[in-house]
């Protein structure tokens, strides 16, 4: 995994256009940590806040591993049990239309 991190950092040395910036997540079954590399400002703020939150007696749950001011990339290590993926089905056309109706009324009234 360390080799992948190094390779990734080398690729990120050049500044990138916004659409080229990525969020990379590395994990495997053996490692108790998930490694994040991100340029996403909202995610960087969220992870940094989480890493700084009490209880500080559990620093292994989330910590900032590295930051590169040139590329704007920040890296974090998070305990596997602290992170999850949420997959959702796409909304049906009926559900989208039901959500549109109140929004249209609000727009016309407001």
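Would you pick out the residues in the range 41-64 that are in contact with a strand residue (DSSP E or B) (Cβ under 8 Å, 6 or more places away or on another chain) and modelled with pLDDT of 85 or more? Can you show your working first?
Just the residues of the range 41-64 that are in contact with a strand residue (DSSP E or B) (Cβ under 8 Å, 6 or more places away or on another chain), to begin with: 43-44, 47-48, 50-51, 60-64.
Those that are in contact with a strand residue (DSSP E or B) (Cβ under 8 Å, 6 or more places away or on another chain) and modelled with pLDDT of 85 or more: 43, 44, 47, 48.
Every residue in the range 71-104 that is within 30 Å of residue 33 (Cβ to Cβ) and either surrounded by 10 or more Cβ atoms within 10 Å (Cβ to Cβ) or touching a strand residue (DSSP E or B) at 6+ places or on another chain (Cβ under 6 Å) (or both), please.
Within the range 71-104, 71, 72, 73, 74, 75, 76, 77, 78, 79, 80, 82, 83 meet the criteria.
For residue 38, work out the one condition from (1) out of contact with any helix residue (DSSP H, G or I) (no Cβ under 8 Å at 6 or more places or on another chain); (2) at pLDDT 85 or above it doesn't fulfil.
(1)
Do we have residue 25 as closer than 25 Å to residue 6 by Cα and either at pLDDT 85 or above or out of contact with any helix residue (DSSP H, G or I) (no Cβ under 7 Å at 6 or more places or on another chain) (or both) here? Give the derivation first.
Details: closer than 25 Å to residue 6 by Cα: yes; either at pLDDT 85 or above or out of contact with any helix residue (DSSP H, G or I) (no Cβ under 7 Å at 6 or more places or on another chain) (or both): yes.
So residue 25 passes the test.
The values are calculated or read from the model by the stated rules, or taken from the named source; none is laboratory data. Nothing here was measured: the structure is a model prediction, and the numbers come from that model. Quick reminder, even Gly has a Cβ in these numbers, built from the backbone with ideal geometry, and neighbours come from all protein chains shown.
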